[in-house]
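Reviewing the structure listed below.
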Protein chains: 2
Amino acid sequence: MMKQATIKDIAQLVGVSASTVSRALKGSPEISEETIKIVQETAKRLNYFPNKAALSLLHFKTRTIGVIVPNLGYSFFSTALEGIEEEASKRGYTVIASQSLESEEKEIRNVIDMKRSGVDGVLISLAQYSSQLNHLLELQSQMPIVLFDRVSDNIHCSKIFVNNTAGAFSAVEHLIKIGCKRIAYMAGPKNLLISNRRKDGYSMSLYRNKMKVDEKLIVHCEFSHTSAMRAALKLLKSKDRPDGIFAISDRVAIGAMAAAKKLNLRIPEDVAIIGFNDEPIAALVSPSLSSVRQPAKVIGQMAAKLLIDQIEADKVFTPVIKSYMTRLSIRESTKRK
Amino acid sequence: MMKQATIKDIAQLVGVSASTVSRALKGSPEISEETIKIVQETAKRLNYFPNKAALSLLHFKTRTIGVIVPNLGYSFFSTALEGIEEEASKRGYTVIASQSLESEEKEIRNVIDMKRSGVDGVLISLAQYSSQLNHLLELQSQMPIVLFDRVSDNIHCSKIFVNNTAGAFSAVEHLIKIGCKRIAYMAGPKNLLISNRRKDGYSMSLYRNKMKVDEKLIVHCEFSHTSAMRAALKLLKSKDRPDGIFAISDRVAIGAMAAAKKLNLRIPEDVAIIGFNDEPIAALVSPSLSSVRQPAKVIGQMAAKLLIDQIEADKVFTPVIKSYMTRLSIRESTKRK
DNA sequence: ATTATTCGTGCAAACGTTTGCGTAAATTGA
DNA sequence: TCAATTTACGCAAACGTTTGCACGAATAAT
């Protein structure tokens, strides 16, 4: 188990002091060309790189950021994490990621762990029922935070997400265009912001097409297959059943597909279905699922960029709200002849 | 932005020296009961916890472990990560995770990042084509590493995985039991150990049932939908097409399902299909996919445990190889009347 | 009353790095 | 030749924590 080389090792080898090595490594002008050359060569030979802990101690910064997401198994989040890591790495930051598994309790524990790890800031996408946001407000009093995707209006900070309203609008417009007359919205938890934004887009589209919003066609469920399927079954069994469903996520949409099949309804002829996120799974189910695509990686990159900008800003930082456009991925589940 | 309280702050408030505070916080017997009490109260009041960087500097340990997996979007890996984080957190360790995205080049960069972050050890599951393992051997000369799931015979370290041979064996036995006469194996890259172990199980089952192994029925593909579908199409178009397919992963199995549908073959009547990993997606596709289930979370926990044990061992640590049993999840894709 | 023991606490060094300041030697200018 | 300047480097402190050692005071033993 080889010990890492330190500045002192180089100093001893070259025969100068540690401070000279430190300066030479950054090519300081007050060090002679010759010394710089030999120090840098020795450093490379010893495979030297600075000890993170020592730097942290000196600068009160760890150059580490935390990420808390509901579940990395959702490809939206693992792809966003990819973007986050890319941006962080580019700027010399390390990322520590953790999953709340949609539990607020676990999210709180994650926040505590992040504090103890001494991160410089945290990127968060909220768990589905996170409503008591005290843990985040408290965290925010100690370090910058940035919310992405699953954000909240009750926290004043930078936020990155897609234009959920517009995304939902385009999905519902698409359903109407292929001939749907009664369109349902399978929403998420009632207090979840993205769920309500998408509901706005849903309503706007109906309104624009002079269709009225029927509250019975708006059902709430959790982000799980069984919860979605149960809700969809109830919806599709009602006498005035919908002939189109816009679901808050692909997994919920797939729950709806399962319900439709159970009731022997044809997709998309009897009921067309469209989801949100455009996860790989959407292309793999049968019939393949239309969906609203989010630029997950870009969202991750931008979220990380804003967080790091804020960490490195010396003056007061004004929160930035940034939203991206979505794109429809049309597949079999909404392809009518 | 509140600064974190330090031992010095407590010392000043209580009116003792920093060393006394340090000892009092751990309830050292050489400090008076009274001092201990007031110090601990003050610490709690100030929300004190020790500065990680300072401890790292002192002990040459960061209490951080790294994790490198092919893709966190595979639920096997995100679930394993869950287990890893649980065990790490229990033992006071922080986890930094990164994805190789199945690219050896990225895996190498990840390894370098890990070294720079100063982790105490690394957990790795290999990218699909990782063959040049120099980066791992070099890493191993500096810190303990543990491989899990996608392991290699060419590295001498602790390894955790499922009994791939037995898992494959049971899957093929199942196919035979439901009446399959010609069973294909859709394998992964040729040098991937888990792929070959599963091939062993496949062959063993055929042998036990007095069926001969036909090399034409063993095809190699990548872990992507298109690669799998292409391979399956070729397989299913051949005149002697198989009536059963055992695939190295669920995604590959789903590629095979797509190919079968394209050729208007019924699943499971014309061709029965079984995958590996039992990802959530297996239950969601239609027909639902039978699969070999791995205890992902337990594997993650055990891998983390072994790594941390090794990090904390003062003497030479003998590598531990541990394998877990799999369980069949039987679904529609192998349910014949 | 004197010495030995125990108890409670503080001092200082160490970990690796940076940086303001000081200083010897080399160079310049007259 | 001597003063003024420049060049090239070293010293020491600081960041937060732990820990071996020392030390004063109180207590116990003689």
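Some points to look at:
Conditions tested, residue by residue: (1) modelled with pLDDT of 95 or more; (2) closer than 30 Å to A:Gly66 by Cα.
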{"position": "A:Ile245", "(1), (2)": "yes, no"}
{"position": "A:Ile274", "(1), (2)": "yes, no"}
{"position": "A:Pro287", "(1), (2)": "no, no"}
{"position": "A:Pro295", "(1), (2)": "yes, yes"}
{"position": "A:Arg331", "(1), (2)": "yes, no"}
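- Residues in region B:267-291 that are open to solvent by 20 Å² or more (accessible area, probe 1.4 Å) and within 22 Å of A:Leu289 (Cβ to Cβ): B:Ile267, B:Asn277, B:Pro280, B:Ala283, B:Leu284, B:Ser286, B:Pro287.
- For B:Ile145, the conditions (1) in contact with a Gly (Cβ under 7 Å, 6 or more places away or on another chain); (2) among the hydrophobic types (A, V, I, L, M, F, W, C); (3) within 12 Å of B:Phe276 (Cβ to Cβ) all hold with the exception of (3).
- Filter pass, A:Val67 being under 15 Å from A:Val146 (Cβ atoms) and open to solvent by less than 40 Å² (accessible area, probe 1.4 Å): yes
- Residue count for region A:45-81 under the criterion of being of a type in the set (D, E, K, R) and at the interface with chain B (Cβ under 8 Å from one of its Cβ atoms): the result is 1.
- Only strands (runs of 3 or more DSSP E) whose full extent lies in region B:118-169 are considered here, and the ones with at least 1 residues that are closer than 18 Å to B:Gln301 by Cβ, of a type in the set (D, E, K, R) and more than 14 Å from every other protein chain (Cβ to nearest Cβ) are B:158-162.
Residues are listed down the side, and each one gets a yes or a no for (1) part of a helix (DSSP H, G or I); (2) away from DNA strand C (no atom under 13 Å from the Cβ):
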| residue | (1), (2) |
| --- | --- |
| B:Ala11 | yes, no |
| B:Arg23 | yes, no |
| B:Leu72 | no, yes |
| B:Ala88 | yes, yes |
| B:Leu101 | no, yes |
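- Of all residues making up region A:47-70, the number that are within 16 Å of DNA strand C (Cβ to nearest atom), within 31 Å of the chain's Cα centre (by Cα) and of a type in the set (Gly, Ala, Ser): 2
- Of all the criteria given as (1) within 25 Å of A:Arg63 (Cα to Cα); (2) at pLDDT 95 or above; (3) more than 9 Å from DNA strand C (Cβ to nearest atom), the one not satisfied by B:Gln4 is (2).
- For A:Arg45: the one exception among (1) within 16 Å of DNA strand D (Cβ to nearest atom); (2) more than 28 Å from A:Phe148 (Cα to Cα): (1)
- For region B:250-259, the set of residues classified as within 11 Å of chain A (Cβ to nearest Cβ), crowded, with 23+ Cβ neighbours inside 10 Å and not basic (Lys, Arg) consists of B:Asp250, B:Ala253, B:Ile254, B:Gly255, B:Met257, listed by residue number.
- Residues of region A:215-228 classified as more than 21 Å from A:Ser75 (Cβ to Cβ) and either in a helix (DSSP H, G or I) or at pLDDT below 95 (or both), total: 3
- Breaking point among (1) within 16 Å of DNA strand C (Cβ to nearest atom); (2) among the charged types (D, E, K, R); (3) in contact with a strand residue (DSSP E or B) (Cβ under 8 Å, 6 or more places away or on another chain), for A:Lys44: (3)
- Condition met for A:Glu102 (more than 9 Å from every other protein chain (Cβ to nearest Cβ) and surrounded by fewer than 24 Cβ atoms within 10 Å (Cβ to Cβ)): yes
- A single member of B:Ile176, B:Ile183 is in the same structural domain as B:Asn277 (by TED's automatic domain parsing), touching a helix residue (DSSP H, G or I) at 6+ places or on another chain (Cβ under 7 Å), open to solvent by 10 Å² or more (accessible area, probe 1.4 Å) and hydrophobic (A, V, I, L, M, F, W, C), and it is B:Ile176.
- Of all residues assigned to region B:26-41, at least one qualifies as being away from chain A (no Cβ under 14 Å), open to solvent by less than 50 Å² (accessible area, probe 1.4 Å), in contact (Cβ under 8 Å) with a residue 24 or more places away in the chain and closer than 23 Å to B:Gly92 by Cβ.
- Those residues of region A:7-22 which are more than 7 Å from DNA strand D (Cβ to nearest atom), within 18 Å of A:Leu55 (Cα to Cα) and not aliphatic (A, V, I, L, M), in sequence order: A:Lys8, A:Asp9, A:Ser22
- Region B:136-173 - residue that is among the acidic types (Asp, Glu) and closer than 22 Å to B:Arg293 by Cα and, of those, most open to solvent (accessible area, probe 1.4 Å): B:Glu173
- Condition met for A:Gln132 (in contact with a Cys (Cβ under 7 Å, 6 or more places away or on another chain) and either open to solvent by 10 Å² or more (accessible area, probe 1.4 Å) or among the polar types (S, T, N, Q) (or both)): no
- From the list B:Gln301, B:Gln310, the one residue that fits, being within 30 Å of B:Met143 (Cα to Cα), within 11 Å of another protein chain (Cβ to nearest Cβ) and open to solvent by 10 Å² or more (accessible area, probe 1.4 Å), is B:Gln310.
- Residue pairs whose Cβ atoms lie under 8 Å apart, separated by 6 or more positions or on different chains, with the first residue in region B:1-15 and within 13 Å of chain A (Cβ to nearest Cβ) and the second open to solvent by 100 Å² or more (accessible area, probe 1.4 Å) and part of a loop (DSSP other than H, G, I, E, B), are B:Lys3/A:Phe60.
The values are calculated or read from the model by the stated rules, or taken from the named source; none is laboratory data. Not measured: the values here are computed from a predicted model. Using ideal geometry, Cβ is built from the backbone for each residue, glycine included, and neighbour counts are taken over all protein chains shown. We work out accessible area using only protein heavy atoms, side chains counted, and drop any ligands, DNA or RNA first. Shrake-Rupley method; radii C 1.70, N 1.55, O 1.52, S 1.80 Å.
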